[in-house]
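All remarks here apply to the structure that follows.
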Amino acid sequence: MGAIRRASGPAAIAEAATILRGGGLVAFPTETVYGLGADATRDRAVARVFEAKNRPEFNPLIVHVPDISAARLLVEWNEFAQTLAERFWPGPLSLVLPRLPECPVSILAGAGLSTLAVRAPRGAPARMLLDRTARPIAAPSANPAGAVSPTRAGHVLDALGDAVDLVLDDGPCTVGIESTVLDLGGEKPALLRPGGLPAEEIEAVIGRLAKPAEAEAPRSPGQLASHYAPDLPLRIDAGGAGPGEALLSFGPDTPAGAAVERNLSPAGDPVEAAANLFAALHELDRSGCAGIVAMPVPETGLGRAIMDRLRRAAAPRPLVDPPGRN
Ligand code: TXA
Ligand code: MG
C-alpha cells in the first residue's frame, strides 16, 4: 500500500518529487481530480501508469507543465494556444497540439500520436510538485480505467493504493470534474471533452468551437460511450428512484422515496454540483443499493460536463473492456 502524506508540507512535496525523479508513481491533487503522476520523460515510469490503471496503451495521457514556456518546449505552439493559455492557465484546460520533433516526452505517454495534450494545473500542491520535480508530469485521473475519477485522496488509496508509491492529500478537489480538452491542431479549435472550463467561456474568447464529426473515430478516448462508470447500474431520470435505488439529486425540489440520497447542490448551483459529483458517485456506489438514479442537471456552464459524465456512466457497459477507457 502506498504511503499518504498531507500535501501542505514542503517535506511531503520534496519526497514526492524525489519519487517521481526516480521513476516512481505519485498521486497528487489538482483543482479538477487527483492525477496519477509519473515523470513524462521516462518510458518505464509512464508504462507503470498504464499498468496501474489497466489502461489501453493507445489512450494518451495529459502532460502537466507549470506554464506556457514549459509547454512550448514540448509542442508546436500557435496563436489560439497563446490566447487561451494566457487567459485560462493555470486552470482546467488541456490543449492538444503537435509534438515538437525534439519533445522529450515518452512516446508511450502520447500513445504514439503526433500530438500531445498539455495543461498547467491550478492548486498549490500540483504547482509546487511541478516546480520541485522540474520535469513534465504525465498524469491521467488516478482511477482504474473506465471507473469514476477520484476527488479525494481516499478514493485513490481505495482503488489504486497498492500501485502508487505516494498519495499527496490536499482534501477535496475544488472543481471536481476533469479538464476541458481542446484540439488546437486542426483548422478550427475543436472540443474533444467538455470539462471543468465551460465551453461558453472559451467561445467568449476565440469564437465558436467545432465539434468532432459524429461519424469520425473518437479523437479523444474520453469520448467513448461507456466511461466514468460506477460499479452499480446508473440511469438518468427526473422522476426519482424506484424501490431499492439510490438517488443522485440536484436542486431544492427532489422526489421523495429514495433509499439513499445525495444532493449534488440543494441550491441548484452547477459549480457546487461538479465539485461534489464524483465523491457522491463513489458514496452511492457503496450504499448497498441496487442501482443509482441521477436527476438531470441543466446543460449550461459546468452542467454540460456533468451531464456528459452522467450519460457515459449510464451508457451500456461493454462485456469486455474496449480500448480507450480511462
Ligand atoms: O483534469 C484532468 O484532465 C485530469 C487531471 C489529473 O489533470 N486528467 C485526466 O486525464 O482527466 P485522463 O487521462 O483521465 O483523460 C485525458 C483525456 C483522455 O480522454 C485522452 O484520450 C485525452 O485526454 N487526450 C490526451 N492526449 C490526447 C491527444 N494527444 N489527442 C487527443 N486526446 C488526448
Ligand atoms: Mg480519466
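How many residues are part of a loop (DSSP other than H, G, I, E, B), of a type outside the set (S, T, N, Q) and either within 16 Å of ligand 1 (Cβ to nearest atom) or modelled with pLDDT under 95 (or both) when one looks only at the range 219-236?
Here the count works out to 7.
Just to be sure I understand, how many residues within the range 157-182 are within 11 Å of ligand 1 (Cβ to nearest atom) and not hydroxyl-bearing (Ser, Thr, Tyr)?
Here the count works out to 7.
When both residues are 6+ apart or on different chains and their Cβ atoms are under 7 Å apart, which pairs have a first residue that lies in the range 165-187 and is over 30 Å from Ala3 (Cβ atoms), and a second that is part of a loop (DSSP other than H, G, I, E, B) and charged (D, E, K, R)?
Close Cβ pairs (under 7 Å, with a partner that is part of a loop (DSSP other than H, G, I, E, B) and charged (D, E, K, R)) amount to Asp183/Arg219.
Considering (1) open to solvent by 40 Å² or more (accessible area, probe 1.4 Å); (2) under 20 Å from Ala52 (Cα atoms); (3) free of Cβ contacts under 8 Å to residues at least 60 places away in the same chain, say which one Arg72 fails and leave the rest.
Unmet condition: (2).
Contact list please: Cβ distance under 6 Å, first residue in the range 259-283 and touching a residue at least 40 places away in the same chain (Cβ under 8 Å) and of a type in the set (Gly, Ala, Ser), second residue in a helix (DSSP H, G or I) and buried (at least 19 other Cβ atoms within 10 Å of the Cβ), pairs at least six apart or on different chains.
Correct list of pairs: Ala274/Ile306.
State the number of residues belonging to the range 9-25 that are in a loop (DSSP other than H, G, I, E, B) and either in contact with a strand residue (DSSP E or B) (Cβ under 9 Å, 6 or more places away or on another chain) or modelled with pLDDT of 95 or more (or both).
Adding up the residues that qualify gives 4.
Can you find a residue that is among the basic types (Lys, Arg), within 28 Å of Pro56 (Cα to Cα) and assigned to a helix (DSSP H, G or I) anywhere in the range 278-294?
no
Taking Ser94, is it open to solvent by less than 10 Å² (accessible area, probe 1.4 Å), modelled with pLDDT of 95 or more, touching a Lys or Arg at 6+ places or on another chain (Cβ under 7 Å) and within 16 Å of ligand 2 (Cβ to nearest atom)?
The answer is yes for Ser94.
All but one of (1) within 12 Å of ligand 1 (Cβ to nearest atom); (2) at pLDDT 95 or above; (3) open to solvent by 40 Å² or more (accessible area, probe 1.4 Å) hold for Ile137; which doesn't?
With (1) within 12 Å of ligand 1 (Cβ to nearest atom); (2) at pLDDT 95 or above; (3) open to solvent by 40 Å² or more (accessible area, probe 1.4 Å) applied to Ile137, the lone miss is (3).
Restricted to the range 140-157, and to residues that are more than 12 Å from ligand 2 (Cβ to nearest atom) and aliphatic (A, V, I, L, M), which residue is most open to solvent (accessible area, probe 1.4 Å)?
It comes out as Leu157.
Looking at the range 39-60, can you tell me whether even one residue there is more than 9 Å from ligand 1 (Cβ to nearest atom), at pLDDT 95 or above and open to solvent by less than 10 Å² (accessible area, probe 1.4 Å)?
Scanning the range 39-60 turns up at least one residue that is more than 9 Å from ligand 1 (Cβ to nearest atom), at pLDDT 95 or above and open to solvent by less than 10 Å² (accessible area, probe 1.4 Å).
Show the residue pairs meeting these rules: Cβ distance below 6 Å; 6+ apart or different chains; first residue within the range 106-123 and open to solvent by 10 Å² or more (accessible area, probe 1.4 Å); second residue of a type in the set (Val, Ile, Thr) and not in a loop (DSSP other than H, G, I, E, B).
Leu108/Val46; Thr115/Val96; Ala117/Ile62; Ala117/Val96
If Val75 satisfies every condition in (1) among the β-branched types (Val, Ile, Thr); (2) within 16 Å of ligand 2 (Cβ to nearest atom); (3) over 22 Å from Asp169 (Cα atoms) but one, which is the exception?
(2)
The values are calculated or read from the model by the stated rules, or taken from the named source; none is laboratory data. Worth saying up front: this structure is predicted, and the values here are computed from it rather than measured. A quick note on method: Cβ atoms are made from the backbone with ideal geometry, for glycine too, and the neighbour counts reach across all protein chains shown. Ligands, DNA and RNA are excluded from the accessible area calculation, which covers all protein heavy atoms including side chains. Shrake-Rupley method; radii C 1.70, N 1.55, O 1.52, S 1.80 Å.
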